[in-house]
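Report on the following structure.
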Amino acid sequence: MGTHHPECPDRLGAISDRLIASGLDLYLQFHDAPLADDEQLLRVHPQEHIDTLRNSSPAHGIVHVDPDTAMSPGTWKAALRSAGAGCYATDLVMRGEANNAFCAVRPPGHHAESAKPGGFCFFNNVAVAARHAIKVWGLSRVAIIDIDVHHGNGTEEIFAGDENVLMVSIFQHPFYPYCGTETPAANMCNVPLKAGTRGEAFREVVQDIWLPRLRAFKPEMVFISAGFDAHYEDDMGSLGLVESDYFWVTTQLKKIADEYSQGRLVSLLEGGYALSALARSVTVHIKALADL
């Protein structure tokens, strides 16, 4: 997205390097994600949105679709691959070829509304994957858990009032995108946290609010919008989570998947911009998913 932009290629490089340094890569299967096709995208985004992004893709240089969100010549295919990753991971898990999956993708997706990019996002990756699970695999109850420091406004806009989907989330408030607290739909469990909130309070939210809602919903598949910018080292926000918090919440969500969803869980990378903290957090997240 341009020089010094926080949503940069180094994010995935840091994750890859950490997985190798930890030896965790030896225990994992790696897959190259396919490009999402229009049929997959159209379950979430109207044709006009898809066409606008396709036509905005520059042959060279940078084109801004909003003040914070820009396209370079590689962005269009990267966005398609990010959206395609969630669908492909869903297929792997539903076919029993993987117990669960983590999608190390960029650009992220949870700020993309049905007809509006923004917040570094073009297509709503987790929404595309969730609709794929519902439409292709016939699931009727899908849960989305958003742990990013920013509210997943796009995911909420897409699924508000959808009885097939329960979304539970935490986010710093007041903070970008300055929403999520005004009369949410019944299937939205939004829990705003004030700046400075640390792991103990976060765990109380999970135990006292998230888990009861998830157990009552009995999801047939679990999706995680896995943002790691609530880490205390990440100055994109002002929350104070650490690696042990991410490991713990992953184990709790994995228990929900094991109890109600035959273990079916797909996690997709959202935010996380302090490279060392991001890489360490993703590593413990994957360790928890893999029971390592």
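The values are calculated or read from the model by the stated rules, or taken from the named source; none is laboratory data. Predicted model only: the values in this text are computed from it and were never measured. Cβ atoms come from the backbone with ideal geometry, glycine included; neighbour counts cover every protein chain shown.
The figures follow:
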| read-out | value |
| --- | --- |
| Leading residue by the ranking (surrounded by the most Cβ atoms within 10 Å (Cβ to Cβ)) among those in segment 9-32 that are in a loop (DSSP other than H, G, I, E, B) and out of contact with any helix residue (DSSP H, G or I) (no Cβ under 9 Å at 6 or more places or on another chain) | P9 |
| Members of segment 44-79 found to be part of a helix (DSSP H, G or I) and acidic (D, E), listed by number | E48, D51 |
| Among residues of segment 122-160, those that are surrounded by 23 or more Cβ atoms within 10 Å (Cβ to Cβ), out of contact with any Cys (no Cβ under 8 Å at 6 or more places or on another chain), part of a loop (DSSP other than H, G, I, E, B) and not charged (D, E, K, R), counted | 7 |
| Among (1) surrounded by 24 or more Cβ atoms within 10 Å (Cβ to Cβ); (2) out of contact with any helix residue (DSSP H, G or I) (no Cβ under 6 Å at 6 or more places or on another chain) - the single one I209 does not satisfy | (1) |
| Output for segment 80-99, where each listed residue is part of a loop (DSSP other than H, G, I, E, B) and of a type in the set (D, E) | E97 |
| Selected residue [among the charged types (D, E, K, R), over 30 Å from R280 (Cβ atoms), surrounded by fewer than 16 Cβ atoms within 10 Å (Cβ to Cβ) and at pLDDT below 95] from D66, D51, D37 | D66 |
| The lone exception for F175 - which of (1) part of a loop (DSSP other than H, G, I, E, B); (2) over 30 Å from P67 (Cβ atoms) it fails | (2) |
| Single condition G263 does not satisfy, out of (1) small (G, A, S); (2) buried (at least 24 other Cβ atoms within 10 Å of the Cβ); (3) on the phi > 0 side of the Ramachandran plot | (2) |
| Meets criteria (in contact with a helix residue (DSSP H, G or I) (Cβ under 7 Å, 6 or more places away or on another chain) and farther than 21 Å from A230 by Cα) for N125 | no |
| Looking only at segment 76-121, and only at residues there that are closer than 18 Å to H151 by Cα and touching a Cys at 6+ places or on another chain (Cβ under 8 Å), the one that is surrounded by the most Cβ atoms within 10 Å (Cβ to Cβ) | A112 |
| Filter result (touching a Lys or Arg at 6+ places or on another chain (Cβ under 8 Å) and of a type in the set (D, E)) within segment 48-90 | none |
| Boolean, A230 is surrounded by 20 or more Cβ atoms within 10 Å (Cβ to Cβ) and either modelled with pLDDT under 95 or of a type outside the set (S, T, N, Q) (or both) | yes |
| Exclusive hit being over 19 Å from T155 (Cα atoms), touching a residue at least 40 places away in the same chain (Cβ under 8 Å) and not in a loop (DSSP other than H, G, I, E, B), set S238, S244, S225 | S244 |
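A quick yes/no check of all residues on (1) closer than 16 Å to V168 by Cα; (2) assigned to a helix (DSSP H, G or I); (3) touching a residue at least 12 places away in the same chain (Cβ under 8 Å):
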site: D229; (1), (2), (3): no, no, yes
site: V249; (1), (2), (3): yes, yes, yes
site: K254; (1), (2), (3): yes, yes, yes
site: A257; (1), (2), (3): yes, yes, yes
site: S267; (1), (2), (3): yes, no, yes
site: S276; (1), (2), (3): no, yes, yes
site: T283; (1), (2), (3): no, yes, yes
site: K287; (1), (2), (3): no, yes, yes
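Residues are listed down the side, and each one gets a yes or a no for (1) under 24 Å from L24 (Cβ atoms); (2) among the hydrophobic types (A, V, I, L, M, F, W, C); (3) at pLDDT below 95:
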{"residue": "G86", "(1), (2), (3)": "yes, no, no"}
{"residue": "A89", "(1), (2), (3)": "yes, yes, no"}
{"residue": "F122", "(1), (2), (3)": "no, yes, no"}
{"residue": "V126", "(1), (2), (3)": "yes, yes, no"}
{"residue": "G138", "(1), (2), (3)": "no, no, no"}
